[in-house]
Structure formats: C-alpha cells, structure tokens
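A.B. asks: Encoded as structure tokens, here's the structure I'll be asking about.
FYI, it's all coordinate maths here, none of it is from the lab. Treat the numbers as computed from the prediction; the structure is a model and nothing was measured. Don't worry about glycine lacking a Cβ; one is built from the backbone with ideal geometry, like all the others, and counts go over all protein chains shown.
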Amino acid sequence: MLMLALLGMGLWSLHARAWDLGRSSPVMGYDAAQYALAARTLVEESSLATTFALPVELARHPQPPWPLAVVQPGLVLVEAAIDGIAPQRIPLPGRTIDLSTPRAREWLILVLPFVCYLGLALFAARFTSRLLERYAPDLGRVTIALASFVVGLVLLLDPEAQHFSTGGFTELPYTLGVVVAVAALALKRAPQHPLAFGILLGVTGAFRANMLWTAPLFAVAAALIADPPRRARVLVMVLAGFALPLAPWWFYKWRAFGDPGWDLTRYVVWDGVEGRTWFSLFHRPEPPQVPTGLASLGLLAHKIVRTLPTLLLAFATGPRALWAGALLVWLCVTRPPRPLAIAAGFVLVHAVMGVLTTAVSIPWLRYLFPSRIPLEIAGLLATGALVARFPGAPLGPGAVRVLRIAVAVLAISWAGLQTRRGLDEARAGANARGLPSTLTILQIARLVVAEVPRGEPLMSNLGPTLSWYARRPVIHLAFTPQDLDDCREQVEFRHVVLVFRSTGHAWPEWHELLSAPDRAPANADWNIRRVREFATEDEFRVVWLELGAPRPRLAGRPRPAHLVPAESFSAR
C-alpha cells in the first residue's frame, strides 16, 4: 500500500507539471471554478448560491447571487469545509504567509480529487486482496499481494484518473463511491447493512446526478443477494438510505426552481440534434425550445445511433475489450457465488448504461469514466480467473503462472503507454488551451476590480474562472452579440470582456465583431458605446466592450430568429 501511495504521488506530480498547473494552465478551469465559487459563497454568505450564471438562468433568477442550477452539492460542501478549516495566514519566524488570496486558496480544490485518486487505487487493491482471500485462498499470499498491486497500479497509471486528480472535477469522488458500492455487493456487505449501503449511494449521488438512475439498480442487486425473506426489506432500506442525504438538496431544488429534480443539464440531450449545440442551448436568456412527444424519441434514438460507434470504439480500445469480454465469459461459463455473479452482472449493466447515457448527452469520453473503471477492475480479475480454465482443460501450474504474469504485464504495459500519451497530450494542451495563463487572468481580474464595482455583474467568456479571481458576478458570454440586449432585459450589466487566442478561436457568432472591433460602436444592433483592445504576453486577444444605456423594449418586438448551423458545435 505504501508503494502504491508513493507511486501515486509521483504520477500526480508528473501530470501536474505536464499541464504546468498554476501557471500556463490555471487551477481554476471552467468546471473547477463553478464548484469553487459555490463553496466560497457558502463559506462567506452561509447560503447555497454562486456568482456565476449561464444566460439561460437569467430567465428564472436574474439577480446575483444565483441558485445552483448546474452543479451538484457534494463537491461544494466538501470544498466549503476544507476552505473553512484552512487558515487565512500562516505565521512564520520573521514573516507571515498570506493564504487569503484567490490564487493561494485555489489549490484547496485539489485536496479531495487527489485524496480520491490515491483512495481509488488503494481501495481497489485492498478490495482485490479481500476478494481473493475469500474466494480464492489457494492462490497464496504472494500471488494475492501481486494481483492487488497490479490492480492498484493500473488505476494510478490511468491518464484520465491523473487528469481528474489535478482539477476540481467530480468524476473521482463519484467513481470511488461506485467502486466501494460494487465491492459491498461482491463481499455481501450491502444486504447485511442496507441502510448504510443506501446512505453510501446517496453521498455518492451528491457528486453526480447519474446516481438517480443507478441507485435503483444497486438496490435491486442488493435485494437479489439477500435471502428471499429479506429482499423486500433490503430494497426499501437501500432506497430510504439513498434518499436521506439527498433530501435537503431536493428540498433546496424545490424551493429555488419549483421542481425537486430540476437540473439545467437536462438540456444537454439536445446537443447535436437539429443543429442545436451546447452553446445555443445555454447561452440565450430564455429556456430553449426542444422537441416533445414521439418526435423527440425518434430524434434522440437517431443521435444515439450516430454517436454510439465512436464511444464503443473508445470504450474498447486496447485490452479493454479483452477485460469486458473476459468478464462476460467468466459470468457465463463458470458458476460463481451469488454475490460475485450479481456484482459482475451489475458492472456489465452499469457499463452499458454509461455508454448509452453518454451517447444521448454530450458524447465526451470523460463521462464514461465512472462506468469504465469498475468494468476494468472486474474484467482484469475475471481474466485472471479464466486463465486456469482456458482453453477448456486445466493447464499446468507453470503455464497458469506464466499466463497470469502475461496478463499483468499486458495491463501494466498498456496503462503505462496511456500514461505517456496522457503526459504528451497534457504538454501540448497546456500551450493550446482556450484559457490564458494564470498570470494573464490575474491581470485581467485586476482591471475588472478597478472598473467594475463589487456586486455589479459583467459578461465574459472566461465565465466562472474570471469570477473566482475578480470576485465579481460573471454571466457567461451570450450566444451572439444580438443577444446582449435580451440578457440586459433580465439583469443590467455594462461590461463585456472577450478573451480569445485569436478571432479564429472565438465562437463563430462573434467573428464579425472580433474581426473589426473598432467598428462595433457603429452597429446600432449591438448597442456598444466603447471598445478597448489589447494583447497579453501569452498572445491572447482581450476585447473589452462597454455597452450603451439599456434600450427600452418595444411592446410586441419579436426576438430575432437565430439560425444555428449544424457545424457550430465542432467549430468550437
């Protein structure tokens, strides 16, 4: 375990340096800053709210601070607790270290992801050891220890796990909770302690909304493992335990939005459908018009068919197809104990659900992580279990040992290759990402502080990242310049800060303005009074727009029709 922990710290450090974290790559990326802002507001204002909003949120809640329409509460509460515990200043002989600045406190968001990164590998290794000691004690202590080490090392070498550990993401705590829950099924702990198992699911679900449709599967699996007379009780207790930690959050959603299940991200299923994009759905100050009825089912089915092959190919890259196939074969041709069989079946079903839900939302590979990791752990163990049974007759002890070593070498070699590729991609991404360096963002934030009064919102494509450093409410950039007036009808703001690497890197709908910003005040539709432009040391363009006085909206004036080209999503 100590060796795994030391290796994990070293791999984390390598990945952070590859990203040039805290310099070329700000610690506060888009996702991380959203949670950090809500945590800071909770600590300072004692309320669940945030100083960042998407334009679509303005229709319901125009004035800052805004209720939490996108983020889940788990990471917010943990980060708020860490922020509340961490000192503002550390006195040292002869000087005092100031930890109260946004740049100093941004590093606190990495505490939980880092702990979960190490915790995931260490728990998986310990779980493997317990599983083999219970169901395959004849392997011997050395073999069991090596198998546990391989499983833990493979997880540490996963480049996505390393990436999530260097930012304020929810993937690692959520995935750790899922793996612990699967282990509780396999070791028959879930039906023995159904209420505690349900609470575990509820706490895990506080990090990602996926648990809303995963928890019933866990509950059914726990009930099936239980003895027949207790199955109904186990099912009810698990679901009750799941609801306990989430009930306050559902009440908050009901009070803030009128719906305990409200989540703005529900609209992402329409990304890529009929020309809609994530930007067109969320960056206008009005709820998007989306299909309904049977027509919507057909459109979503077509989207799944279109995106599924790419996701399946990525999901099955390298030996992952071998692990998944081995798990399925092991489940079908052996007679595993009931807890193991049900846990393995759950992992397979969970993986299928993960692929399908990703295909119907934004088809990014990062959303497969919570279903991919349990499948790889179970598949790797199943491959080792099948070695002695292949190809139909038992092999000699020597041959079995060689094959098991080959499986371990394959797993570690592939994971090591992926780590190297991940480091190369991180170095390249650090120099080509859409966010400027930390120093540049701090310089822009100082200008914002100097010109925008505290409490007055502004609009920027830097979104929550700028809000973190400048301590000002920030509305994410409107979809087009023509949408500015519609946003200002909901909440007044005077400044728009555009920060792009170049005009070509900007959203297509803003190309016209950015190609000739000095002519923007001449366009009466944009209502821009003054434009300032300057370049940063890391070669980003900053275009600062000062808007004219708000224009009264004429009764019956229709909103302009927006044509969203199908290629808009890929252009970003």
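A.B. asks: What's the local net charge at L21, with K and R +1, D and E -1, over the other residues with C-beta under 13 Å away? Please report the intermediate quantities before stating the final value.
C.D. replies: Details: positive: R17, R23, R103, R427, R433; negative: D20, E106.
In short, +3.
A.B. asks: Right, here's the next one. Using +1 on the beta carbon of Lys and Arg, -1 on that of Asp and Glu, and nothing else charged, what's the dipole of the range 1-127 about the Cα centre, debye to 20?
C.D. replies: Working: 9 positive and 9 negative charges, 66 e Å.
Computed about the Cα centre, the dipole is about 320 debye.
A.B. asks: Another question, if that's okay. Once you sort the root eigenvalues of the Cα gyration tensor of the range 351-434 as a ≥ b ≥ c, which label holds: rounded (a/c under 1.5), prolate (a/b larger than b/c) or oblate (the other case)? Could the numbers behind the result be given before it?
C.D. replies: Details: a/c = 5.16, a/b = 1.71, b/c = 3.01.
Here the range 351-434 falls in the oblate category.
A.B. asks: How big is the Cα convex hull of the range 413-515 in projection, averaged over all directions, in nm²?
C.D. replies: Numbers: hull surface 33.4 nm².
Its Cα hull, projected and averaged over all orientations, spans 8.4 nm².
A.B. asks: Provide the packing ranking of 134-143, 270-279, i.e. peptides ordered by the mean count of other C-beta atoms within 10 Å per residue, highest first.
C.D. replies: Details: 134-143: 12.3, 270-279: 19.1.
For the peptides 134-143, 270-279, the packing ranking is 270-279, 134-143.
A.B. asks: Using helices alone, what [θ] at 222 nm do you get for the chain, with -39,500 (n - 2.57) per DSSP H run of 4 or more residues, divided over all residues and rounded to the nearest 500? Display every interim value, and only then the final one.
C.D. replies: Values: 22 runs with 325 residues, N = 572.
Using -39500 (n - 2.57) per qualifying helix, the result is -18500 deg cm²/dmol.
A.B. asks: In whole Å, what is the distance between the alpha-carbon centres of the range 296-336 and the range 442-501?
C.D. replies: 43
A.B. asks: Highest mean first, what order results for 519-525, 26-32, 502-508, 150-156 on Cβ atoms within 10 Å? Write out the running numbers ahead of the final one.
C.D. replies: Numbers: 519-525: 12.7, 26-32: 23.1, 502-508: 15.4, 150-156: 24.9.
Highest mean packing first, the order is 150-156, 26-32, 502-508, 519-525.
A.B. asks: Quick one: if the Förster radius is 25 Å, what FRET efficiency do L299 and V349 give, using the C-beta to C-beta distance and rounding to 0.05?
C.D. replies: Working: r = 25 Å, r/R0 = 1.02.
With a Förster radius of 25 Å, E is 0.45.
A.B. asks: Given labels modelled 7 Å from the Cα in the Cβ direction, how far is it in nm from V236 to A406?
C.D. replies: The answer from the label model is 5.4 nm.
A.B. asks: Do you know the relative contact order of the chain, to the nearest whole percent, from alpha carbon pairs under 8 angstrom that are 6+ apart?
C.D. replies: Working: 852 pairs, mean separation 104.6, N = 572.
Value for the chain: 18 percent.
A.B. asks: What FRET efficiency, computed as 1/(1 + (r/R0)^6) with R0 = 22 Å and r the Cβ-Cβ distance, is obtained for R420 and L6, rounded to the nearest 0.05? Can you show the working numbers first?
C.D. replies: Working: r = 20 Å, r/R0 = 0.89.
Efficiency, from the Cβ-Cβ distance: 0.65.
A.B. asks: Next up: Going by the alpha-carbon gyration tensor, a ≥ b ≥ c the square roots of its eigenvalues, is the range 438-571 rounded (a/c under 1.5) or, if a/c is not under 1.5, prolate (a/b greater than b/c) versus oblate? Before the final figure, lay out the partial values.
C.D. replies: On the way: a/c = 1.66, a/b = 1.22, b/c = 1.36.
Oblate.
A.B. asks: Let me ask you something else. Which order, highest average first, do 63-69, 450-456 follow once you tally other Cβ atoms within 10 Å for each residue and take the mean per peptide?
C.D. replies: On the way: 63-69: 20.1, 450-456: 12.3.
Highest mean packing first, the order is 63-69, 450-456.
A.B. asks: Shifting gears a bit: Among DSSP beta bridges whose residues both lie in the chain, state the antiparallel percentage, nearest 5.
C.D. replies: Values: 18 of 26 bridges.
Here the antiparallel bridges make up roughly 70 percent for the chain.
A.B. asks: Once Lys and Arg get +1 and Asp and Glu get -1 on their Cβ, which of L118, L155, L68 lies farthest toward the positive end of the dipole of the range 63-174?
C.D. replies: Farthest towards the positive pole: L118.
A.B. asks: Follow-up question, since we're still on this one. With an 8 Å Cα cut-off and a minimum separation of 6 or more residues, compute the relative contact order for the range 438-571 in percent.
C.D. replies: Working: 183 pairs, mean separation 27.8, N = 134.
Relative CO of the range 438-571 lands at 21 percent.
A.B. asks: To the nearest 20 debye, what charge dipole does the chain have about its Cα centre, counting +1 at the Cβ of each Lys and Arg and -1 at the Cβ of each Asp and Glu?
C.D. replies: Working: 54 positive and 40 negative charges, 295 e Å.
For this selection, approximately 1420 debye.
A.B. asks: To the nearest Å, what is the center-to-center distance of the range 1-62 and the range 92-116, using C-alpha atoms only?
C.D. replies: So the two Cα centres are separated by 13 Å.
A.B. asks: Separate question: I need M237, M459, M1 ordered by Cβ neighbour count within 10 Å, fewest first.
C.D. replies: On the way: M237 21, M459 26, M1 14.
So the ranking, lowest neighbour count to highest, is M1, M237, M459.
A.B. asks: Only counting other Cβ atoms within 10 Å, I'd like S25, S515 sorted with the fewest neighbours first. List each step's numbers first, then the result.
C.D. replies: Values: S25 22, S515 11.
Exposure proxy ranking, most exposed first: S515, S25.
A.B. asks: Still on this structure: Using Cβ counts within 10 Å as a stand-in for footprinting exposure, how do W364, W468, W12, W254 rank, fewest first? If you can, show how the numbers build up before the last one.
C.D. replies: Numbers: W364 9, W468 29, W12 20, W254 13.
Ascending number of Cβ neighbours within 10 Å: W364, W254, W12, W468.
A.B. asks: OK, next. Kindly identify the range 198-262 as rounded, prolate or oblate by the Cα gyration tensor criterion: order the square roots of the eigenvalues as a ≥ b ≥ c, call it rounded if a/c is under 1.5, otherwise compare a/b with b/c, prolate if a/b is larger, else oblate. Could you put the intermediate results ahead of the total?
C.D. replies: Working: a/c = 2.92, a/b = 2.39, b/c = 1.22.
In terms of gyration-tensor shape, prolate.
A.B. asks: To continue, here is another question. Evaluate the distance, in nm, between pseudo-label points positioned 7 Å from the Cα of A524 and of A316 along their respective Cα→Cβ axes.
C.D. replies: Label-label distance for A524 and A316, simple model: 6.1 nm.
A.B. asks: Which whole-number percentage describes the relative contact order of the range 254-352, with Cα contacts under 8 Å and a sequence gap of 6 or more?
C.D. replies: Values: 28 pairs, mean separation 14.7, N = 99.
Reported as a whole number, the value is 15 percent.
A.B. asks: Suppose we keep just the DSSP beta bridges with both residues in the range 438-571; what percent of those would be antiparallel, to 5?
C.D. replies: Antiparallel bridges: around 70 percent, rounded to the nearest 5.
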